[in-house]
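So the structure is just underneath, and the comments pick up after that.
Each reported figure results from applying straightforward, stated rules to the coordinates on display, with no laboratory input. The model shown is predicted, which means the values in this text are computed figures rather than measured ones. Positions of Cβ are generated from backbone atoms using ideal geometry, with glycine treated the same way; all protein chains shown enter the neighbour counts.
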Amino acid sequence: TILDSKAFKDNRLKGRCSVSNTSDPLSHHLNLSPYFDRSQIVQEIILMNNNELSDVYELDRYKLGKGSYGNVVKAVSKKTGQQRAIKIIEKKKIHNIERLKREILIMKQMDHPNIIKLYEVYEDNEKLYLVLELCTGGELFDKIVKYGNFSEYEAYKIMKQIFSALYYCHGKNIMHRDLKPENILYVDSSEDSPIQIIDWGFASKCMNNHNLKSVVGTPYYIAPEILKGKYDKRCDIWSSGVIMYILLCGYPPFNGKNNDEILKKVKKGEFVFDANYWSRVSDDAKDLICECLNYNYKDRIDVEGVVNHKWFKKFKTNNISINKNLNRTLIEKFKEFHKLCKIKKLAVTCIAYQLNEKDIGKLKKTFEAFDYNGDGVLTISEIFQCLKVNDTELDRELYFLLKQLDTDGNGLIDYTEFLAACIDHSLFQQDVICRNAFNVFDLDGDGVITKEELYKILSFSAVQVSFSKEIIENLIKEVDSNNDGYIDYEEFYKMMTGAKE
């Protein structure tokens, strides 16, 4: 099996497994509160014996999309009724197993409002199934075909989301390498629908000052340095520049009758702004496109430069002007979150990761408003500047509360961490939602959470060490009301729905 191969073999328990970098459970002593590796929420499940995916999901016959490895179909969870997209990959068609493993591992690390979420991975004898966030609004490509071109403000709204996602993944030294309108989906069909970047199959890690050589991408959008076989993450900036060019005029900067003609033009890197189409477009917009399509990638603008470009600043609203009533509500939410016991904080994070757009509501816009520099994560300083009340004692308390939101210990407030601290606790009254969260901890599916399972869900990502037996046992004791050394579902549900911790 793929999920049971070397990259995935750690922590396999009776048909379920999850990736971990740490060694022997409970072997080291660390007198610190453990942090949560959010990527552990995404479970890899090997379907054994007579188990089938159809036991868990009802699959739609209608195909949402088709790729070289298989199809994408709409599906509904039989337990929760949640709608998902499932990418079905036929194992016999997989030519590059490492690429597929890399796609899964990279997607598990992603936590951004404009990057498609991976929820689960299943495997049987013949296929691999990636359970993904469902987007129903169609491709950006279809919108371009329908409207021809966009106003500068409409183009800005799209490019802002693309560059925010790039800022986030480039910050993790991850590049997409196949950005194109076909890989950008609208979440729904509403006029203001956010977008999601999909298809991370060509994504790769790229350390600073390190060049890659693999030739990947799509002719219209591929950067010239990729064709030369030496490039870095700024290849994504080139692709984004091509997308921005198309949005503003309706045709690509490098065109041709076939792929060979297109690639010849890309290799030259020469493009023009035809006055018939570009006379109405501002010089600032053209300047940013030129910066993105700088032929020498070492001199090309980076994502930080893009979001600070004068064209971006022209449209950027004052994010700091956030409603005072909302401020008070959020501070109260942060206080509630701080009072939760450790395991409940982790369970709430699991729930937050599974939320759909409807449940998230306005919290997404609030997150984006706080994210002043547009990098897809929040610093404590960014939130503090929005919420501070200029009262020394209250502001000190606020700063302390904000530090508690960082449950994975990376020094930043990630999207899911922010949602976890702000979501409506009435959601926890729903049995299916609690059951989903419980299943993340109950790795072997035997109905109880053990200290070994809890260990596997926890990590101290900053220093990669294990936790003492004492710390793990104390976490169990906080919830284990019958003192049998385990947490069963009834105890877990009481913890989630109880008024007091």
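Couple of notes before you dig in:
- Tensor-based shape of region 140-315 (alpha-carbon gyration tensor, a/c under 1.5 rounded, otherwise prolate or oblate): rounded
- By the helix-only formula, in which each DSSP H run with n ≥ 4 contributes -39500 (n - 2.57) and the sum is divided by residues, the chain has a 222 nm mean residue ellipticity of -11500 deg cm²/dmol.
- Dipole check for region 140-315: with +1 at the C-beta of Lys and Arg, -1 at the C-beta of Asp and Glu, and the Cα centre as origin, the magnitude is about 560 Debye.
- For the cross-link pairs K342/K477; K117/K358; K101/K344; K345/K451; K333/K362; K87/K127, the ones whose C-alpha atoms lie over 19 Å apart are K101/K344.
- Where only C-alpha atoms are counted, convex hull volume of region 48-178 per residue in Å³: 140 Å³
- Distance from the C-alpha centroid of region 279-321 to that of region 154-195: 15 Å, rounded to the whole angstrom.
- Rounded to the nearest 20 debye, the dipole size of region 358-440 about its Cα centre is 260 debye, using +1 on the Cβ of Lys and Arg and -1 on the Cβ of Asp and Glu.
- Legend: helices of the chain (whole DSSP H runs) are marked when their alpha-carbon atoms reach 18 angstrom or more along the helix axis and their mean Kyte-Doolittle hydropathy is at least 1.0; marked are 235-249.
- Placing +1 on each Lys and Arg Cβ and -1 on each Asp and Glu Cβ, with no other charges, gives the chain a dipole about its Cα centre of roughly 1420 debye.
- Cα gyration tensor shape for region 325-370, rounded if a/c is under 1.5, else prolate or oblate: oblate
- Packing, as the average of other Cβ atoms within 10 Å across residues, places the peptides 83-95, 126-138, 229-241 in the order 229-241, 126-138, 83-95, highest first.
- Two-site FRET efficiency, N149 against K365, from Cβ-Cβ distance with R₀ of 30 Å, rounded to 0.05: 0.70
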